[in-house]
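A.B. asks: Structure in structure tokens, see below.
The values are calculated or read from the model by the stated rules, or taken from the named source; none is laboratory data. Please read these numbers as outputs of a predicted model, since none were measured by experiment. Cβ placement follows ideal geometry from the backbone for every residue including glycine, while neighbour counts extend to all protein chains displayed. In case anyone asks, the SASA skips ligands and DNA or RNA and just uses the protein heavy atoms, side chains included. Shrake-Rupley method; radii C 1.70, N 1.55, O 1.52, S 1.80 Å.
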Amino acid sequence: MAKKEKKPVVLTLDDKEYTEDDLNGNQEAVVAYNHIMNLQRKLEQSMFNHQEMEGGRVYWEQQLRESLKEEEAELVEA
């Protein structure tokens, strides 16, 4: 089975594109690049988690509303 070629991760900064390979030889720049890429991944994960949690909250609010409506209906019937 053929190995997939890994595309370099591109960082755009001040309208210029950089990959980690472009920064070799400048250890400080490589460290900054890695931190930026790691933080970007964390931000994307946080946004995903926020969307997922917001959807769950909306779902459970709907469940609570329905439960309260059923309870009110039972009280009116009694």
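A.B. asks: Looking only at segment 1-22, how many residues end up being open to solvent by less than 80 Å² (accessible area, probe 1.4 Å), free of Cβ contacts under 8 Å to residues at least 12 places away in the same chain and more than 21 Å from the chain's Cα centre (by Cα)?
C.D. replies: Counting residues in segment 1-22 that are open to solvent by less than 80 Å² (accessible area, probe 1.4 Å), free of Cβ contacts under 8 Å to residues at least 12 places away in the same chain and more than 21 Å from the chain's Cα centre (by Cα) gives 1.
A.B. asks: While we're here: So is Gly25 small (Gly, Ala, Ser) and either surrounded by fewer than 10 Cβ atoms within 10 Å (Cβ to Cβ) or assigned to a loop (DSSP other than H, G, I, E, B) (or both) or not?
C.D. replies: Against the criterion (small (Gly, Ala, Ser) and either surrounded by fewer than 10 Cβ atoms within 10 Å (Cβ to Cβ) or assigned to a loop (DSSP other than H, G, I, E, B) (or both)), Gly25 qualifies.
A.B. asks: Name the pairs whose Cβ atoms lie under 7 Å apart, with the first residue in segment 37-60 and under 29 Å from Val9 (Cβ atoms), the second surrounded by 10 or more Cβ atoms within 10 Å (Cβ to Cβ), and 6 or more positions between them or separate chains?
C.D. replies: From segment 37-60, the pairs are Met37/Val9; Met37/Leu11.
A.B. asks: Of Ala78, Ala73, which residue is open to solvent by less than 80 Å² (accessible area, probe 1.4 Å) and modelled with pLDDT under 95?
C.D. replies: From the options Ala78, Ala73, the qualifying one is Ala73.
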